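Visitor: The structure's right below; bear with me while I get my questions together.
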Amino acid sequence: MIETRVLNPTDATLYEAAATLAAGELVAFPTETVYGLGGDATSDRAVAKIFEAKARPSFNPLISHVPDLDAAFTLGNFNKRARAVAETFWPGPMTLVVQRRENCPISLLASAGLDTIAIRVPAHPLAAELLRTVGRPIAAPSANPSGRVSPTTAEHVLAGLAGKVSIILDGGPCSVGLESTVLDLSGEAPTILRPGAVTAEMLEPLLGSVAAAGASAKIAAPGMLESHYAPALPVRLNAETAEEGELFLGFGEVSGPDGAETLSAAGDLTEAAARLFSLLRALDRPGAIGIAVAPIPETGLGVAINDRLRRAAAPRA
Ligand code: TXA
Ligand code: MG
């Protein structure tokens, strides 16, 4: 166990966080999607610490975070198409999978020995400042124990990883609330490996048609393991109401039963995404027998919300 400190962002704490990363230790930091558990992506040891802290199966590759597009271009091969996507959606809630460049310094452990690499330029100002200060790519999966609900506040990170991370930078709640879209541009057909706030509809003007990876996709991605993002209680989907003993998570106005919550009273998908993981945690209470979730429209951000909900409801290993 190590001492975990939750720090408010100042020039001094940001510098300390960067120095901690440079020394090969772990720092959790906010991005606009979810909090990341960061470690030096060029260090096998630091990357191994990430896997250990999350108790994550180590065949799952991690995302390398960089402060700007130029830094991204030094790590991966970006053709014209990939550059256009990067210029349009970075910084932002999107990860690109491209071919590794020949001298790419990223630890092979971070990319699970693949010839491809996942890169993201996050938009959160604290993340950007931290990445600029540390001056090297930072590997960061979501800052939660493997398989559990992703963290959207510093308190969520502390609840799952106290004693396993040196510093948690507290940047308040994440604005998007769902992990980034993972778009694979390494092959012929652009493929969304994990849906997120950058949707297929948004990408199609640049890319033409965009495929969505099905369950049979060949690359091992934790976002593709059937059970993931899971609270301890069982989750039941497309529920009109709660059964006896269940807690209800609605969408739109919710009038009951007692303890019922709504993802968005106004029926707004952006608000629902931002609140999803917090509410799944809040409803994950001993004494209840399950969480019943109302149907969510399968449009726009609803695609990503339903993806996370299906995994939260999937049979557990
Ligand atoms: O929003 C996010 O993406 C957060 C924040 C912290 O950036 N990070 C995150 O990381 O969700 P993680 O490790 O939980 O998810 C990374 C996703 C996984 O689905 C992983 O399999 C996929 O990216 N991935 C990473 N490298 C890949 C590669 N070379 N080929 C295919 N998929 C890859
Ligand atoms: Mg994750």
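The values are calculated or read from the model by the stated rules, or taken from the named source; none is laboratory data. Note that the coordinates shown come from a computational prediction; the quantities given were computed from them, not determined experimentally. Every residue, glycine among them, receives a Cβ derived from its backbone with ideal geometry; neighbour counts consider all protein chains shown. For the accessible areas, the whole protein counts, side chains as well, though only heavy atoms, and no ligand, DNA or RNA atoms are used. Shrake-Rupley method; radii C 1.70, N 1.55, O 1.52, S 1.80 Å.
Visitor: By how many nm would the segment from E52 to R316 grow when fully extended, if each residue of separation counts as 0.36 nm and the alpha-carbon distance is taken off?
Guide: Taking 0.36 nm per residue and subtracting the Cα distance, the gain is 92.9 nm.
Visitor: Then there is this: Step through the residues of the range 190-195 one at a time and calculate ³J(HN,Hα) from phi using the Karplus curve (6.51 cos²θ - 1.76 cosθ + 1.60, θ = phi - 60°), rounding each to whole Hz and writing x for Gly and Pro.
Guide: Coupling constants for the range 190-195: x, 9, 7, 7, 8, x Hz.
Visitor: Where does the charge balance sit around A292 when Lys and Arg score +1, Asp and Glu -1, over other residues with C-beta under 12 Å from its C-beta?
Guide: -4
Visitor: Continuing with the same structure: Starting from the amide H of R236, placed 1.01 Å from N in the peptide plane, find each other amide H under 5 Å away whose residue is 5 or more places distant or on another chain.
Guide: When sequence neighbours closer than 5 places are left aside, the close amide H contacts are I291, A292, V293.
Visitor: With everything on Cα atoms, drop me the angle between helix 11-22 and the longest principal axis of the chain, reported from 0 to 90° to the nearest 10.
Guide: Taking the Cα atoms of the chain, the angle to 11-22 is about 70 degrees.
Visitor: Further question on the same structure: Non-local amide H neighbours of V210 (under 5 Å, H modeled in plane, Pro and chain starts lacking H): which ones?
Guide: Answer set, sorted by chain and number: none.
Visitor: How much net charge surrounds E253 when only the other residues with a Cβ under 13 Å from the Cβ of E253 are counted, with Lys and Arg +1 and Asp and Glu -1?
Guide: -2
Visitor: Then there's this: For the chain, which span is the longest to avoid every loop-located (per DSSP) member of GluC sites (Glu not before Pro) having at most 16 other Cβ atoms inside 10 Å?
Guide: 4-101
Visitor: Here's another thing I want to ask about it. Can you list residues whose amide H is under 5 Å from I168's amide H, if they're 5+ apart or on another chain and H is modeled 1.01 Å from N?
Guide: R5, V6, L7, A28
Visitor: Would you mind working out the accessible area per residue for the chain, using a 1.4 Å probe, and quoting it in Å²?
Guide: 42 Å²
Visitor: Relative to the first principal axis of the alpha-carbon coordinates of the chain, what is the inclination of helix 125-134, with its axis defined by its Cα atoms, in degrees from 0 to 90 and to the nearest 10?
Guide: The two axes meet at around 30 degrees.
Visitor: So, how do all the Cα-to-Cα distances of the chain break down into 20 Å bins, in percent, from 0 on up?
Guide: Histogramming the chain at 20 Å steps yields 34, 58, 8 percent.
Visitor: When the chain is treated as a GNM, springs tying every alpha-carbon pair under 10 Å, which of P141, P195, P205 comes out with the largest mean-square fluctuation?
Guide: P205
Visitor: Right, another one. What list of ³J(HN,Hα) couplings, whole Hz, do you get for the range 265-273 from phi and the Karplus terms 6.51, -1.76, 1.60, once you set θ to phi - 60° and write x for glycine and proline?
Guide: Per residue, the Karplus-derived 3J(HN,Hα) values read 4, 7, x, 9, 5, 5, 5, 4, 4 Hz.
Visitor: At most 11 other Cβ atoms within 10 Å plus a DSSP loop assignment makes a site exposed; report the longest stretch of the chain without any exposed trypsin sites (Lys or Arg not before Pro).
Guide: Answer - 1-217.
Visitor: For the chain, which whole percent of the accessible surface, found with a 1.4 angstrom probe, sits on carbon and sulfur atoms?
Guide: Ligands and nucleic acids excluded, carbon and sulfur give 53 percent.
Visitor: Now for a separate question. Once you put a point 7 Å from the Cα of A159 and another 7 Å from the Cα of A22, both along the Cβ direction, what distance in nm separates them?
Guide: The two pseudo-label positions are separated by 3.5 nm.
Visitor: Related question: Quick one: work out the % antiparallel among DSSP beta bridges in the chain, nearest 5.
Guide: Of those bridges, close to 45 percent are antiparallel.
Visitor: In whole percent, what relative contact order does the range 5-212 give with Cα contacts below 8 Å and a gap of six or more residues?
Guide: 31 percent
Visitor: Rg over Rh of the range 39-109, using C-alpha atoms and the Kirkwood radius, what does it come to?
Guide: Here the Rg-to-Rh quotient is 0.99.
Visitor: Follow-up question, since we're still on this one. If one takes the longest principal axis of the Cα atoms in the chain, at what angle in degrees, from 0 to 90 and to the nearest 10, does the Cα axis of helix 80-89 lie?
Guide: Approximately 50 degrees, to the nearest 10.
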